[in-house]
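Peer 1: Following this message is one structure expressed as structure tokens.
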Amino acid sequence: MVNTSKRIGQIGEEIASRVITRQFKMKIIERNFRSRIGEIDIIALDKNTWVFIEVKTRAVLNAGFPEESVTEYKQDKIRKVALYYLMSQGYNPHHVNYRFDVMSITFTGDNYTHPSVKYFKNAF
């Protein structure tokens with residue numbers, strides 16, 4: 001059985017994927033990209049711009065809003081993973097457009113049924 005916080009995170013990433021493709025019309029290239037440096041939740045293309053998206057999901061706000069957990073340390077780690085990803089795909093990071101977005105999802109109903117979604121383009 002998957003623990004509750006991990007399951008909430010998975011539900012959040014599913015919601016994020018739908019919003020990114022349907023509402024923002026981006027093409028998802030990869031989900032849950034992992035390297036020895038760290039992980040990026042969603043890598044997408046928005047026309048000619050690579051978008052590295054951190055998804056944060058909460059069922060309760062005891063620890064604050066989800067987007068508040070994307071600290072400077074986490075941002076630095078995401079930047080490093082993104083640069084690694086681009087280079088591993090044969091891209092020179094100095095010659096491509098890329099940005100870092102954050103999607104914050106909170107649930108207001110029982111059984112994770114009523115998500116509230118906030119999207120921060122160029123979050124850092």
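The values are calculated or read from the model by the stated rules, or taken from the named source; none is laboratory data. All values derive from a computational prediction rather than experimental measurement. In this analysis, Cβ positions are derived from the backbone assuming ideal geometry, glycine residues included, and neighbour counts consider all displayed protein chains.
Peer 1: Does the range 1-40 hold any residues that are hydroxyl-bearing (Ser, Thr, Tyr) and either under 15 Å from the mean Cα position of the chain (by Cα) or modelled with pLDDT of 95 or more (or both), and which are they?
Peer 2: Ser17, Thr21, Ser35
Peer 1: Where residues in the range 47-78 are without any contact (Cβ under 8 Å) to a residue 40 or more places away in the chain and surrounded by 14 or more Cβ atoms within 10 Å (Cβ to Cβ), which of them is nearest to Ile28 (Cα to Cα)?
Peer 2: Taking the candidates together, the pick is Lys74.
Peer 1: Looking at the range 80-124, which of its residues are farther than 23 Å from Arg18 by Cβ, surrounded by 15 or more Cβ atoms within 10 Å (Cβ to Cβ) and either among the basic types (Lys, Arg) or in contact with an Asp or Glu (Cβ under 8 Å, 6 or more places away or on another chain) (or both)?
Peer 2: Residue satisfying the conditions is Val81 alone.
Peer 1: Of the numbered conditions (1) in a strand (DSSP E or B); (2) touching a helix residue (DSSP H, G or I) at 6+ places or on another chain (Cβ under 9 Å), Ala82 satisfies every one except a single condition; which is it?
Peer 2: Here Ala82 meets the rest and fails (1).
Peer 1: Could you check the range 51-71 and list, in sequence order, the residues that are of a type outside the set (Lys, Arg) and more than 26 Å from Asn97 (Cα to Cα)?
Peer 2: Within the range 51-71, Thr57, Ala59, Val60, Leu61, Asn62, Ala63, Gly64, Phe65, Pro66 meet the criteria.
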